[in-house]
Structures are given as C-alpha cells and as structure tokens.
C-alpha cells in the first residue's frame, strides 16, 4: 500500500488552515485507496496464480474495481479544487499515480 501522502511537512500544508488541511487529508485518503485498488488490479494475474493474499478483487470484479479507482481519483481532484492555491503539481501527481 502507498504510504499516506505526507502533507503535514509539505510547503502546501505549512501554509494551510485547518479546513485546507482537512481537504488535503481527504485528498490523500482517496488517492491512497485508489492506488491500492489499482495495485490489486495490476496484481490480479499473480493473485489468480497463487490463489492467496487479500485483495479488493475478492469482493468485486475488475470492472467495478476500475470504476472505483476512477471515482476515487475524481473525488481526490475535486478536493483539490476546493483549495484556493494553485495545486498543479498535486494534480499531475494524481494523474501519474492513477492512470486516467
């Protein structure tokens, strides 16, 4: 699993108020979960072969998992829009971590 994105020590969080920190935390949670589900999708072949390990795909099919990844990505990006700062680097990072 992707470690929680450490905004607490970033330049963005250093200048953020409590509401902005909440938004960044929620953004981070969405991105972390989306990454984990995407990783499970990417590892599906290996999981099928080994028939072991915990995976989101034990509960939903690949199509539903992909929809959830994209919904979480969109939700994360919507959170960034709530902030008044220019957050293009975070938007780019989101697109790099979770393929559109």
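Odds and ends about this structure:
- Linear extension gain, residue 58 paired with residue 75, 0.36 nm per residue minus alpha-carbon span: 3.8 nm
- Sorting 37, 92 by the number of Cβ atoms found within 10 Å of their own Cβ, with the fewest placed first, yields 92, 37.
- Pair residue 93, residue 42: separation of 7 Å Cα→Cβ label points (nm): 1.7 nm
Taken together, the values in this text are just the output of simple stated rules run on the coordinates, not laboratory data. Predicted model, so just to flag it, every value in this text is computed and none were measured. Reconstructed Cβ throughout: ideal geometry from the backbone, glycine too, with neighbour counts over all protein chains shown.
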